[in-house]
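First comes the structure, then the notes that go with it.
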Amino acid sequence: MSTEKSPGKPTTRRYNPEEKAAAVRMVRALRAELGSPQGTVQRVAVQLGYGVESVRSWVKQADIDDGAAPGVPTQESKRLRDLEQENRELRRANEILRRATTFFGAELDRQHRK
């Protein structure tokens, strides 16, 4: 897979948690140094060669996780996703059991009538 940018196509690079955390630390350090958030995300993103919106979203989520901004923390979001997945699986299992019960009930009824 090429890391070269194509016009109009977003890149699909995946960043590991260490890279994300380092970028967030750099943005926060630059904000503290400058005393202003203006342009800090873009400067760090360009310096690291990362997407500006990616870095912006990491900083925003880190602020939420640290309790500095309102929103759903990462752990709570993951827990909710896991519970929703479990719910979908249980609904599927229940539907299979309902169908099996109907099928076998009908079979037993037919055998009983013979």
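Here's the yes/no breakdown for (1) more than 18 Å from Ile64 (Cα to Cα); (2) modelled with pLDDT of 90 or more:
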residue: Ser2; (1), (2): yes, no
residue: Lys5; (1), (2): yes, no
residue: Lys9; (1), (2): yes, no
residue: Arg25; (1), (2): no, yes
residue: Leu34; (1), (2): yes, yes
residue: Gln38; (1), (2): yes, yes
residue: Val41; (1), (2): no, yes
residue: Gln47; (1), (2): yes, yes
residue: Tyr50; (1), (2): yes, yes
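Applying a threshold of 6 Å to beta carbon distances and a minimum spacing of six or more residues, or different chains, the list of pairs starting in the range 24-49 at a residue that is free of Cβ contacts under 8 Å to residues at least 12 places away in the same chain and ending at one that is outside any helix (DSSP H, G or I) reads Arg31/Pro37. Among residues of the range 62-82 that are in contact (Cβ under 8 Å) with a residue 60 or more places away in the chain, none has a beta-carbon under 8 Å from a residue that is in a loop (DSSP other than H, G, I, E, B) and surrounded by 11 or more Cβ atoms within 10 Å (Cβ to Cβ) at least six positions away or on a different chain.
Collect the residues in the range 32-41 that are in a helix (DSSP H, G or I) and open to solvent by 90 Å² or more (accessible area, probe 1.4 Å), keeping them in residue-number order.
Step one: filter the range 32-41 for residues in a helix (DSSP H, G or I), giving 32-34, 40-41.
The one that is in a helix (DSSP H, G or I) and open to solvent by 90 Å² or more (accessible area, probe 1.4 Å): Glu33.
Taking the criterion of being open to solvent by less than 80 Å² (accessible area, probe 1.4 Å), within 17 Å of the chain's Cα centre (by Cα) and farther than 20 Å from Arg14 by Cα, the residues of the range 42-81 that qualify are Asp63, Ile64, Asp65, Gly71, Pro73. For Val46, indicate whether it is in contact with a helix residue (DSSP H, G or I) (Cβ under 7 Å, 6 or more places away or on another chain) and part of a helix (DSSP H, G or I). So Val46 does not fit the description; no. In the condition set (1) open to solvent by less than 100 Å² (accessible area, probe 1.4 Å); (2) in a helix (DSSP H, G or I); (3) closer than 30 Å to Glu19 by Cβ; (4) not small (Gly, Ala, Ser), Glu107 is compliant with all but (3).
Determine whether Arg13 is of a type in the set (D, E, K, R) and at pLDDT 95 or above. Here the answer is no, as Arg13 does not meet what is asked.
The values are calculated or read from the model by the stated rules, or taken from the named source; none is laboratory data. This is a predicted model, so every value here is computed, not measured. Note: ideal-geometry Cβ built from the backbone for every residue, glycine included; neighbour counts use all protein chains shown. Accessible surface areas use protein heavy atoms only, side chains included; no ligands, DNA or RNA. Shrake-Rupley method; radii C 1.70, N 1.55, O 1.52, S 1.80 Å.
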